[in-house]
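Have a look at the structure below before the remarks.
The values are calculated or read from the model by the stated rules, or taken from the named source; none is laboratory data. Computed from a predicted structure; not experimentally measured. So basically every Cβ, Gly included, is an ideal-geometry build from the backbone, and we count neighbours across all protein chains shown. Areas reflect the complete protein model, heavy atoms only, side chains present, ligands, DNA and RNA absent. Shrake-Rupley method; radii C 1.70, N 1.55, O 1.52, S 1.80 Å.
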Amino acid sequence: MIDSTHSSAERAEVRAVRESGRTKVLVIGGGINGISTFRDLALQGVDVVLVERGDFASGASAASSHMIHGGIRYLENGEFRLVRESVEERNGLLKIAPHYVKPLQTTIPIYSTFSGILSAPLRFLTHKSGKPQERGAFLIKVGLTIYDTFSRDGGMVPRHRFLGRKKSLAELPSLDPNIKYTATYYDASMHDPERLALDVLQDGRAAHPEAHALNYVEAIAREGDEVVLRDRESGTEFRVHADVVVNASGPWTDLTNDALGEDTRFMGGTKGSHIVLDHPELLEATQGREIFFEHSDGRIVLIYPLKGRVLVGTTDIDADPREVPVCTEEEVDYFFELIHHVFPTIPVARDQIVYKFSGIRPLPRHEDTAPGFVSRDYRIEVDEKGAVPLVSLVGGKWTTFRALGESLSDVVLGLIDRTRTVSTAGRAIGGGREFPRTEKARRIWVQENLPGAGARADQLLARYGTRAADVWAHVEQGPDSPLAGGDLSTRELEWMVQNEMVARLEDIVLRRTSIAFTGNANAEVLDEIADALAPMLGWDRARHDAELDQTRQLLNERHGLDIRSRTRG
């Protein structure tokens, strides 16, 4: 454990909670669903404390495929309620979080006309994978037609379209020439999931003075009507009384309940891994579209252009939440195989991988149901046997976080005899407020709010949405120097420390920016950022060096990098 001080903002939050020793609701788990519930309760004026044992959105929420989607394949599971809710939430997020959620054209390569017609009903009824059999054009057409009825948002979302081989290859010439058709429809991309989660969190903190969010603080026990918390930065322990405890710790829900003295068997998560490639030829081949298809083993996989790189995923393997998930060499082989399946003339090599990541999906316990058929829906379990009610969230996905937060909040409001006063439906999130949606509006907004930013304007608007105005106002107040080759600057870093509860070097390179994701986290960059952070966070030389060592180890072991320490002259 690293011994440290927090940033000034975070120290104030921890101190306020420790000194008060009580709150109405304690939410354990700072992934997107815990954060969404925190914001919803804060908007109702409920005193609420959120604790997260790592950084916010650093677990399952950081390991997504960076998509907001309706889940067309869930139709095969018969999860029509989830599909309807998902597409409604997707359409809503395009409006309330336009700075991070963007329309995404998605194309499915199809190799047959009628394949799968006989096996699909059996899969639907039994949820067993059986022998993989490709879904042909007929089945995909039926699925997309149903999807359109849920998805179109009053006609704002285009209908799907089918093309034959000749027209498909004219649009995407690098596709396998053996395809018979392509089907194209729209979902949505999520460019910065960790920053979107942080925006939701900041809205919650701003909504109510007694809404406090603490990262690097874990729940370690329950004693009567109090939960024992440990600050992982300082090592200190303190107790908080709450009238309701919400366990939103995702795949670790059963482990958290065990620490709280409750034996539950709710969860059965699966591991999903991804790789990120710096591969201009593959990027060009996608033509800006996600390529979404069924691989030969029946697994639904994707090739997805993002941030000038190509994201490839994902796997679906039963996982133990007590073990750290990593992307294995076997999974990399699998990803290369699926790329070759769709783009057979484009070579890929391991030295083109700039980043790997893996996480555990918070799925319900599924016994012998095949991983791909485990429900992606969520449910809420309430245990009122103890001194205070314990509410456990089982399941949940990025796309439905707003609706889930509202549902979970409603359960909590009922337990504390409060009524809803505010809905989050249609409520703009953070930097999505008054976000310029046309090129003309964008130019005007930049001129009025980012004067003198020049080439940095686009970067700031992409990273913060309209919150960029506050960031730029801070940058202009003092001398500023570029960091990480221009991905960051010293004044912007200072703003993050003062406003975004930064505690560690990894918070910056993994979650407050995309420096690691895009392959720009090398030894020089880490040293440069650590040198700038040290005086801002009061680190001595030992803490500075420990941060570098820990971050290098994390990037190397968890994310497939090979960063060596630099020799200082």
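Observations
Matching residues to (1) farther than 14 Å from Ile72 by Cα; (2) outside any loop (DSSP other than H, G, I, E, B); (3) at pLDDT below 80:
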site	(1), (2), (3)
Gly116	yes, no, yes
Gly130	yes, no, yes
Gln133	yes, no, yes
Lys141	no, yes, no
Asp153	yes, no, yes
Val157	yes, no, yes
Phe162	yes, yes, no
Lys166	yes, yes, no
Leu169	yes, yes, no
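- Condition met for Thr518 (in contact with an Asp or Glu (Cβ under 6 Å, 6 or more places away or on another chain), at negative phi and among the hydroxyl-bearing types (Ser, Thr, Tyr)): no
- Members of the stretch 399-444 found to be surrounded by 20 or more Cβ atoms within 10 Å (Cβ to Cβ) and within 20 Å of Glu476 (Cβ to Cβ), listed by number: Gly431
- For the stretch 233-246, the set of residues classified as out of contact with any Gly (no Cβ under 7 Å at 6 or more places or on another chain) and open to solvent by less than 20 Å² (accessible area, probe 1.4 Å) consists of Glu233, Phe238, Ala242, Val244, Val245, Val246, listed by residue number.
- Members of the stretch 301-330 that are outside any loop (DSSP other than H, G, I, E, B), closer than 30 Å to Arg463 by Cβ and not basic (Lys, Arg): Val301, Leu302, Ile303, Tyr304, Pro305, Leu306, Val310, Leu311, Val312, Gly313
- Which numbered condition His341 misses (of (1) closer than 30 Å to Glu284 by Cβ; (2) open to solvent by 70 Å² or more (accessible area, probe 1.4 Å)): (2)
- Options Arg195, Arg205, Arg239: the member that is at pLDDT 95 or above and more than 26 Å from Ser64 (Cβ to Cβ): Arg239
- Within the stretch 531-569, the set of residues being hydrophobic (A, V, I, L, M, F, W, C), more than 24 Å from Arg350 (Cα to Cα) and in contact with a Phe, Trp or Tyr (Cβ under 8 Å, 6 or more places away or on another chain) comprises just one member, Leu533.
- Breaking point among (1) at pLDDT 90 or above; (2) open to solvent by less than 10 Å² (accessible area, probe 1.4 Å); (3) more than 18 Å from the chain's Cα centre (by Cα), for Gln352: (2)
- Residue check for Ser249: closer than 21 Å to His341 by Cβ, open to solvent by less than 50 Å² (accessible area, probe 1.4 Å), touching a Ser or Thr at 6+ places or on another chain (Cβ under 6 Å) and polar (S, T, N, Q): no
- Residue within the stretch 315-323 that is open to solvent by 40 Å² or more (accessible area, probe 1.4 Å), over 20 Å from Ala62 (Cβ atoms) and touching a Pro at 6+ places or on another chain (Cβ under 8 Å) present: yes
- In the stretch 509-525, the condition of being crowded, with 22+ Cβ neighbours inside 10 Å, farther than 21 Å from Trp472 by Cα and among the hydroxyl-bearing types (Ser, Thr, Tyr) is met by no residue.
- Helices (runs of 4 or more DSSP H) wholly inside the stretch 189-300 that include at least 1 residues being among the charged types (D, E, K, R) and under 25 Å from the mean Cα position of the chain (by Cα): 193-207, 253-259
- Meets criteria (outside any helix (DSSP H, G or I) and within 20 Å of the chain's Cα centre (by Cα)) for Ile508: no
- Which listed residue, of Asp562, Asp531, is assigned to a loop (DSSP other than H, G, I, E, B) and acidic (Asp, Glu): Asp562
- Any pair with Cβ under 9 angstrom, 6 or more apart, that starts in the stretch 73-92 at a residue that is over 22 Å from Leu302 (Cβ atoms) and modelled with pLDDT under 75 and ends at one that is open to solvent by 10 Å² or more (accessible area, probe 1.4 Å) and in a helix (DSSP H, G or I): Gly78/Phe124; Gly78/Leu125
- Qualifying residue in the stretch 208-221 (condition: in contact (Cβ under 8 Å) with a residue 12 or more places away in the chain, farther than 28 Å from Gln352 by Cα and among the hydroxyl-bearing types (Ser, Thr, Tyr)): yes
- Flag if Ile179 is over 16 Å from the mean Cα position of the chain (by Cα), aliphatic (A, V, I, L, M) and closer than 19 Å to Arg22 by Cβ: no
- For first residues located in the stretch 344-356 and under 22 Å from His66 (Cβ atoms) and among the polar types (S, T, N, Q), partners that are in a loop (DSSP other than H, G, I, E, B) and open to solvent by 40 Å² or more (accessible area, probe 1.4 Å) and lie 6+ apart or on another chain with Cβ distances below 9 Å form the pairs Gln352/Asp278.
- Residues located in the stretch 324-333, provided they are open to solvent by 40 Å² or more (accessible area, probe 1.4 Å) and either free of Cβ contacts under 8 Å to residues at least 40 places away in the same chain or among the charged types (D, E, K, R) (or both): Glu329, Glu330, Asp333
- Residue in the stretch 289-308 that is farther than 30 Å from Gly136 by Cα and in contact (Cβ under 8 Å) with a residue 24 or more places away in the chain present: yes
- If the condition is being closer than 18 Å to Pro321 by Cβ and open to solvent by 10 Å² or more (accessible area, probe 1.4 Å), then the stretch 55-70 contributes Ser58, Gly59, Ala60, Ser61, Ala62, Ala63, Ser64.
- Conditions (1) open to solvent by less than 20 Å² (accessible area, probe 1.4 Å); (2) farther than 26 Å from Tyr100 by Cβ; number of the one not met by Trp539: (1)
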